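Any read-out appearing in this document is the output of simple, stated calculations on the displayed coordinates, not a laboratory observation. Values in this document were obtained by computation on a predicted structure and should not be read as measured data. Neighbour counts are summed over all protein chains in view; Cβ atoms, including those assigned to glycine, are modelled from backbone coordinates with ideal geometry.
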Amino acid sequence: MSSEHSAPRQHMAHWGMFTAQSSDGEVTSVVPDRGDADPSPALGNIPGSVRHRSRVRRPAVRRGWLRDGPGASNDRGNDSFVELEWDEFIDLLAGELRRVVDTHGNEAIYGGSYGWASSGRFHHAQSQLHRFLNTIGGYTRSVNSYSLGATGVIMPRVVGTHWKLFARSTSWEVIAKHTELMVCFGGVPRKNTGTNHGGTSNHPTRDALDRFRARGGQLVSISPLRDDVDGAARWLAPVPGTDVALMLGLAYVLASEGLHDTDFLARYCTGYDRFEDYLLGRSDGVPKDPAWASVITGLPTDVIAALARQMAAHTTMVTVTWSLQRVRGGEQAPWMGITLAAMLGGIGTPGAGFGHGYGSMNEPGLAPVPYPLPTFWQGVNPVQTFVPVAAVSDMLLDPGGRFEYDGRSLTYPDIKLVHWAGGNPFHHHQDIGRLRRALARPETIVVHDPYWTPLARHADFVVPSTTSLERDDLSCTRNDPLMVAMQQAVPRYADARDDYDTLSMLAAKLGVAERFTEGRTAEQWLRHMYGQWQGFVRAAGHPVPDFDEFWRTGSYRMDTEDGLTLFEEFRADPVGQPLRTPSGRIEIFSSDIDGFGYDDCPGHPTWLEPTEWLGGARSADFPLHLIANQPKSRLHSQLDHGAVSQASKVQGREPIRLHPGDAESRGIAEGDVVRVFNDRGACLAGAVLDDAVSRGVAQLSTGAWYDPLDPADPQSMCVHGNPNVLTSDEHTSKLAQGCTGQHALVDIELWTGAVPPIRAYEQPTFVVGSAGWARSTGG
Ligand SMILES: Nc1nc2c(c(=O)[nH]1)N[C@H]1C(S)=C(S)[C@@H](COP(=O)(O)OP(=O)(O)OC[C@H]3O[C@@H](n4cnc5c(=O)[nH]c(N)nc54)[C@H](O)[C@@H]3O)O[C@H]1N2
Ligand SMILES: Nc1nc2c(c(=O)[nH]1)N[C@H]1C(S)=C(S)[C@@H](COP(=O)(O)OP(=O)(O)OC[C@H]3O[C@@H](n4cnc5c(=O)[nH]c(N)nc54)[C@H](O)[C@@H]3O)O[C@H]1N2
Ligand SMILES: [Mo]
C-alpha cells in the first residue's frame, strides 16, 4: 500500500497519533495529530529510532547454542552470536520447535510472552505468536497483567467486573461537571495519561481537571510525590504503602460519626457488618480510628478526621491509581477504596463514587465505542496449563512446584522452550538477579524484537522484527472514537521482517502454513479485519467507507457513549441489573475469598503490614523507600535511546529523585552518580534533588535498559539504573499472585569509583559460525 516513503505518513503509537516525516529510511521528525489536546512528550523518542545502532539487523543464534545444542546455560547474557541467513535460521528454529513438541509436548513451551509490543490490531506481536503456537498444538500461557495483577483477580469477586472499571468508568465530562471533591490515592499523574494500550488519539485529562477546578472542584492528592498531580491540589504524603490504613481511618470517622450511607450499604452491598466489626475493633480489639491510622501513616489525627468529614459533606470521587495494587497485599487498596466510596453512598451517581486508574492510563474517563474492534483471531489453545504472569521466575526455577491462585492449587509446568515476542522481562519483571538464574534453566529461548534488548541478549534465537513504522496496520481501541490507518513510514530496516512473516515461514516449515495464514498476505488480513468491523458499524446504521477510501482518508470517527457514570445501571436497578458477584451486590465481605483461608488476603479489606515499608524491621538496614514508577520520558523500556529519554538522564544514568535533606545527609549533590542498593542487588543512577519527593522516599522510574557491569554475574550491579535489580518478585498474595514491583526499600550512597560506560544499546559480539553457515559481520 505504501510506496512513497518520503511523504508524511500518519501513524499511531501507544502514546499518541502523529505524522512522521522521513528520509533515507529513517523517521526524521514527528508532528502530533492536530486533534490531540495534550500530546505525549514521548513522541519525541521516535525520530532516529528506526535505524538506531541497537537494531537487530539479521537473524542470530547464540554461539553456545549452536555449539552445544539446546540445554540449560549460564552463558545466556554473556555469549556472542552468529548471524544466519533467513532460510538456515528458520530451518534450525522449526527443527527445535518440532523437537520440543515431539519430546516434551506443547505444555513445555512457555508462550506467555507478556509485553506491550507496538500498537496496531494486526501486527500485534503477542497475538501473532499465540496464533502461531496454537496452530502447532498450543503452549503454556500466562494470565493477568503486570499493570493490574491484583485488581484483575479481586475486582471480579468484589464488583463482578474488571474491564468495566476502566472502559465504562465515569467520564471526565461528568467529573468536570458534577464532582466537588476528588480524593486521589496516587494522585492523577499526567505523565501516565499520555499512554494507552493500542494507541489513543486525544489526551483530555489536563483540560478536564482545569474545567473541574474552574467550577470550584477541589483535589486532594495522596502520594509520596507532590507532582503526581499537575496544577492546584492539596498534597498529603502518608508513609508509602499505608493507604489502606489511611482509608480505614477515614472510614472509622464516617462510621463512628454516623456519616456513612446505611441505606446504600444495605441495599447495594453485602458484608458491611462483618467489615464494621473489624473497622471499629469489635472483632480484633483494635479500633481503626484516626489515632491508629496516624501512627501508621504519619499524618496528623485531625487531618484524617477533617478529610473524612469533608468527604461526607461533598460530592466526592475516591480514586485509586493502579500503582497502589502493584505492591505486597495490593488487593487491599482498591477493595478498601470501593468500600470507602460505598460508605459515602455515591457509587452510581454523577460525579461521586469510585475510580480506578485516572492518571494511570489515558482510558479511564474516556467514552467507549459501542462496537467490537477488528480482531486477529488467536485460535484455540489446547493446552490448559497457565501461570500468573508475574510467576515467570518461580515457574522456571521450580518445575512441578505447587502454588495457590484464586482459590485453586496449581502446579508449575516443566518449561523447555521459552518463546517471547513483543515484551521485555528485563523491563517488567522484578529481582533481575533471580530472573537471570531462571532464564539459565530452559533448553531454548526464542525472542522476536526489533532491538538488541537485554532479553534478546539472553536469547538463543533472536528474530529481527520490524517496528510498526515499517508496516501498515489498523489502530483503534475500545475508548477512542477514531479508527486509524497506520501507514508505513519507512522501508524495512536491514534483514528485519514482520513477526507475521517470520511466523508464517515457521508455520510453512512445520506444515501448518494454511492454518496460520488462511492464505492471506498482511494486506489481505487488514482488508479482512476491516471488513468485519465495517459490518458491525454498518449494522448500526452508519455509512462506513470501504477499505480503499478509508485508507486514503486515514481515519474514521465513530460515535461514542458519552456521559457515563460507573455502575449507574446497577444503582438504578440493583435487582434487575445486579453485579456479577455471588450476592449480585458490592462484596465488602466476600465469603468466597474468606473461604480460601489466605492469610495474605482475608475476607474483607484489611490493613496488612507490607514487607517493603518504612515502618517495618527492614527499614533499619534500608532506610529509603524506593518508588519504582512509570517513566515520564518514555513508555517502559521502549525507545530508551530516544531524544526525550536521553535528555532526562544524568551522566548517562537514569535519574533518581530524592529529597534534598536525604541527599545532604549522604553527601550527595545534584548531578552526582549514586549507588542504589539493598540485599537483592544494586544499580547506579544520577541524583536529582527535589523537594517534590517526600522525606525518606526516592523515586527511580522503570525503563533504563539493564546494563550489568559484569555480564557473567547474574547479581552484577546495573550501571544504568534499572530499578528491577532492587525489587522483590514476591507476589501480591495467594489470591492474585500479582506483581509487586512498585516499592522496594533501599539505601543510597555516593558513587566514588570510575563511572562505567553505558553499553546497553551496543550490538553484541558476533562470530563466524563454527558450522560454517554464518558470515561475519563485525561487532
Ligand atoms: N519495578 C517495576 N516494574 C514494573 C512496573 C512497575 O510499576 N515497577 N510496571 C509494570 C507494568 S505496569 C508493565 S505493563 C510492564 C511493561 O513491560 P513490557 O511491556 O515488557 O515493556 P516494554 O518496554 O513495553 O516491552 C515491549 C517490547 O516489545 C518490543 N516491540 C515493539 N514493537 C514490536 C513488534 O512489532 N514486534 C516485536 N516482536 N517486538 C516489538 C519493544 O522493542 C520492547 O522490547 O512493566 C512492569 N514492570
Ligand atoms: N509516561 C508513561 N506513562 C505510562 C507508562 C509508561 O511507561 N510511561 N506505562 C503505562 C502502564 S503499562 C501502566 S499499567 C500505567 C501504570 O499506572 P500507575 O501504576 O498508576 O503508574 P505509576 O507511575 O507507576 O504510579 C503512579 C503514582 O503512584 C504513586 N505511588 C506509588 N506508591 C504509592 C503509595 O504507596 N501510595 C500512594 N498514595 N501513592 C503511591 C507514585 O508516586 C506514582 O507516581 O501507566 C501507563 N502510563
Ligand atoms: Mo502496565
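A few comments on the model shown:
- Sorting 54-67, 642-655 by their mean Cβ neighbour count within 10 Å, with the most densely packed peptide first, gives 54-67, 642-655.
- Model label zone, D495; criterion: amide N under 19 Å from point 7 Å along Cα-to-beta-carbon; scope the range 440-471: 445-453, 456-467
- Relative contact order of the range 5-45, pairs being alpha-carbon contacts under 8 Å that are 6 or more residues apart, as %: 32
- Value of relative contact order over the chain, rounded to a whole percent, pairs C-alpha under 8 Å and six or more apart: 21
- Loop-located GluC sites (Glu not before Pro) in the range 609-714 (DSSP state other than H, G, I, E, B) with a sparse environment of at most 15 neighbouring Cβ atoms within 10 Å: E670.
- Unpaired Cys in the chain, meaning no second Cys C-beta under 4.7 Å: C184, C269, C476, C601, C739.
- Only Cα pairs under 8 Å and 6+ residues apart enter the sum, and on that basis the relative contact order of the range 152-250 stands at 27 percent.
- Beta bridge orientation in the chain: antiparallel %, DSSP, nearest 5: 50
- Across the cross-link table entries K416/K509; K191/K288; K177/K288; K416/K649; K191/K416, which are compared at the Cα atoms, the separations over 29 Å belong to K191/K288; K177/K288; K416/K649; K191/K416.
- Loop sites in the range 1-99: GluC sites (Glu not before Pro), DSSP, at most 10 other Cβ within 10 Å: E4
- Assigned charges on the beta-carbon of Lys, Arg, Asp, Glu; the range 620-779 dipole about Cα centre (debye): 500
- On full extension, the segment bounded by S583 and D710 gains 40.1 nm, given 0.36 nm per residue less the C-alpha separation.
- Estimated [θ] at 222 nm from DSSP helical runs (n ≥ 4, -39500 (n - 2.57)) normalised by residues in the chain, nearest 500: -8000 deg cm²/dmol
- Between the beta carbons of D599 and R437, assuming R0 = 30 Å, the FRET efficiency works out to 0.60 to the nearest 0.05.
- Alpha-carbon centroids, the range 724-746 and the range 457-523: separation in whole Å: 33
- Candidates per trypsin sites (Lys or Arg not before Pro) in the range 266-340, loop by DSSP, up to 14 other Cβ within 10 Å: R282
- ³J(HN,Hα) computed for each position of the range 358-367 - Karplus, 6.51 cos²θ - 1.76 cosθ + 1.60, integer Hz, glycine/proline x: 5, x, 9, 9, 5, 4, x, x, 9, 6
- Rounded tilt (10° steps) of 243-256 against the dominant C-alpha axis of the chain: 30
- Degrees between helix 499-509 axis and first principal axis of the chain (Cα, 0 to 90, nearest 10): 50
- The range 538-595 and the range 44-110: distance between their alpha carbon centers, rounded to Å: 42
- The peptide list 191-201, 461-471, put in order of mean Cβ contacts within 10 Å with the highest first, becomes 461-471, 191-201.
- Sites Q646 and V575, calculated FRET efficiency, Cβ-Cβ separation with R0 60 Å, nearest 0.05: 0.55
- Cα centroid separation, the range 646-706 to the range 330-374 (Å): 33
- Acute angle (nearest 10 degrees) that the helix 522-539 long axis makes with the longest principal axis of the chain, alpha-carbon atoms: 30
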